[in-house]
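Below is one structure, written out as structure tokens; the observations come after it.
Each reported figure results from applying straightforward, stated rules to the coordinates on display, with no laboratory input. Quick caveat: nothing in here was measured; it's all calculated off a predicted structure. Note: ideal-geometry Cβ built from the backbone for every residue, glycine included; neighbour counts use all protein chains shown.
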Amino acid sequence: MDNEFILFDRLEVIRKTIREYGEENFFLSFSGGKDSTVIHHLLDMAIPENRIPRVFINTGIEYVDIVKFVRGLARKDDRIEIVNNTRNIKETLEKDGYPFKSKAHAKKVHEYQVTHYLAEYLRRYVEADGDFKNSKFACPDILKYQFTESCSLKISHLCCDRLKKEPSHKWQKKSGRTITITGMRGQEGGARAQIGCIITGKDGKIKKFHPLIKVNDEWEHWFIEKYEIELCKLYYEPYNFDRTGCKGCPFALTLQADLETMEKYLPNERKQCEILWKPVYDEYRRLGYRLKKDEQLKLF
């Protein structure tokens, strides 16, 4: 499909949706990353002079350069609001549990560790066989021990809820803006691949708006190049990050590469990750899962 046509289509979808539900009800969940920066500019192209807030949740584990990038934008654009997380991150992780593999996996392990009961849907996930065994919906053999009493690491999917969603919900309640615009894209895979452009709650009211859900990498690259969109420096040489978000997040499929880049160019931030996520990293390395097995670190 022609890039210009896709752009026209996305701008029309944005105009139609925001006009239908009222600009005063929307805000952009702004991470400072590539996708949300693209949405930031698309909103202005679709609805010039809009007053839709761009809300950045500073979790405390964002890349330093992402925070600098957002603060730089905020100095020139009063629609950008920075909300600081007030939770102690280390205490939160120790209390709720650490992210491991993916949100879907961590949520299942968390349920088992809380209930000490292997519900039927958990049993199907763990004991998958036949064609289902090697699918992305089955628990990897190397991680099945986490559904037994032998797993001492406390695992949970709640990290994002505590550090991002809860501060965002508080801001929503205070502002009265109930519809979140995101930069989520279906091409990122996982559960996102099945999500629609508009998400409604049980009450039938729109809760989330994902204008980029059908956009691919090629189109996004074209848009950034054509309109000379300035991104955070981490997306350029020598860093070349494909994604940012919470640094060193154990959910990241590119974790090994991300840590190697940080070790070379952002050593202090790499050290922070090793301290914060140590229990997960240790387990990843012991298993040889997502990180190099028994990797020898020379950071301290």
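Structure shown: which of K144/K233; K202/K226; K68/K174; K34/K292 lie over 32 Å apart, alpha-carbon to alpha-carbon?
Working: K144/K233 40 Å; K202/K226 40 Å; K68/K174 26 Å; K34/K292 28 Å.
The answer is K144/K233; K202/K226.
In a GNM of the chain with a 10 Å cut-off on Cα contacts, which of G183, G32, G201 has the highest mean-square fluctuation?
G201
May I ask which of K101/K205; K208/K247; K164/K214; K205/K247; K214/K271 have a Cα-Cα span longer than 30 Å here?
Details: K101/K205 32 Å; K208/K247 25 Å; K164/K214 24 Å; K205/K247 34 Å; K214/K271 37 Å.
Pairs exceeding the cut-off: K101/K205; K205/K247; K214/K271.
Excluding same-chain residues fewer than 8 positions from K108, which aspartates and glutamates have a Cα within less than 20 Å of its Cα?
Output for K108: E94, D96, E120, E127, D129, D141, E149, D161, E283.
If the cut-off is a Cα-Cα distance under 16 Å, which lysines reach K95, setting aside same-chain residues fewer than 8 apart in sequence?
Answer for K95, where 16 Å is the Cα cut-off: K107, K154, K278, listed by chain and number.
Round to the nearest 10 and give me the degree value, 0 to 90, for the angle of helix 267-276's Cα axis relative to the longest principal axis of the chain.
In the chain, helix 267-276 runs at an angle near 60 degrees to the longest axis.
Return one number: the angle in degrees, 0 to 90 and rounded to the nearest 10, between the long axis of the Cα atoms of helix 255-265 and the longest principal axis of the Cα atoms of the chain.
Around 70 degrees separate the two axes.
For L153 and K202, what is the calculated FRET efficiency with R₀ set at 35 Å and r taken between the beta-carbons, to the nearest 0.05? Please report the intermediate quantities before stating the final value.
Working: r = 34 Å, r/R0 = 0.97.
The computed FRET efficiency comes out at 0.55.
What is the order of S150, S156, S29, S175, fewest Cβ neighbours within 10 Å to most?
Values: S150 7, S156 23, S29 20, S175 14.
In order of increasing Cβ crowding within 10 Å: S150, S175, S29, S156.
Restricting to Cα pairs below 8 Å that are 6+ residues apart, what does the relative contact order work out to for the chain? Please round to a whole percent. If you can, show how the numbers build up before the last one.
Details: 384 pairs, mean separation 61.9, N = 300.
Relative contact order comes out at 21 percent.
Which angle from 0 to 90°, rounded to the nearest 10, does the C-alpha axis of helix 103-115 make with the longest principal axis of the chain?
Tilt relative to the chain: about 50 degrees.
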